[in-house]
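The values are calculated or read from the model by the stated rules, or taken from the named source; none is laboratory data. Everything numeric here is computed off the predicted structure, so don't read it as measured data. Virtual Cβ from ideal backbone geometry, glycine too; neighbours counted across all protein chains shown.
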């Protein structure tokens with residue numbers, strides 16, 4: 001949000017928004033740094049426990065680290081890479097691969113919990129059992 005505020009201030013001062021790469025970086029920071037992290041966090045929170053525990057915490061932290069390292073590396077390397085600096089272009093390539101590694105780590109970390117999720121039939125049967133116990137005790 002700070003970057004967006006800075007961009008709006010520049011636009012108010014200069015009469016036009018800052019040029020490349022700021023718009024792309026701002027969108028990338030909001031989508032990868034905020035939305036994707038929110039989605040991953042909610043997924044870890046929502047998917048069911050497996051035998052009373054929440055497996056995959058290490059993989060979740062690895063996903064968090066890879067995605068955010070890629071984001072920070074992109075922030076640092078985008079502008080110099082546009083100027084043609086070879087080392088920064090390599091860094092920009094690494095910044096593109098890190099979120100992919102993070103996505104793979106997330107997928108592996110969440111897989112046991114996805115497999116533990118109930119089928120719709122199991123959920124209906126569990127609700128019916130719960131409702132029959134609740135209804136039988138109040139009569």
Can you pull out the residues in region 116-132 that are assigned to a helix (DSSP H, G or I) and either loosely packed, with under 10 Cβ neighbours inside 10 Å or in contact with a helix residue (DSSP H, G or I) (Cβ under 9 Å, 6 or more places away or on another chain) (or both)? 120, 121
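Conditions (1) loosely packed, with under 14 Cβ neighbours inside 10 Å; (2) over 14 Å from residue 106 (Cβ atoms); (3) touching a strand residue (DSSP E or B) at 6+ places or on another chain (Cβ under 8 Å), marked per residue:
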| site | (1), (2), (3) |
| --- | --- |
| 21 | no, yes, no |
| 26 | no, yes, no |
| 41 | yes, no, no |
| 45 | yes, no, no |
| 61 | yes, no, no |
| 65 | no, no, no |
| 77 | no, yes, no |
| 89 | no, yes, no |
Among the residues of region 31-49, count how many are part of a helix (DSSP H, G or I) and in contact (Cβ under 8 Å) with a residue 12 or more places away in the chain. 7
Given the criterion out of contact with any strand residue (DSSP E or B) (no Cβ under 7 Å at 6 or more places or on another chain) and modelled with pLDDT under 85, identify the matching residue among 55, 99. 55
Got a sec? Which of 95, 81 is surrounded by 18 or more Cβ atoms within 10 Å (Cβ to Cβ), more than 11 Å from the chain's Cα centre (by Cα), free of Cβ contacts under 8 Å to residues at least 12 places away in the same chain and under 23 Å from residue 19 (Cα atoms)? 81
Residues being at pLDDT below 75 and under 36 Å from the mean Cα position of the chain (by Cα): count how many of those fall in region 120-139. 0
Residues that are more than 20 Å from residue 25 (Cα to Cα), touching a residue at least 12 places away in the same chain (Cβ under 8 Å) and either under 16 Å from the mean Cα position of the chain (by Cα) or assigned to a helix (DSSP H, G or I) (or both), drawn from region 50-78: 56, 57, 58, 59, 60, 62, 63
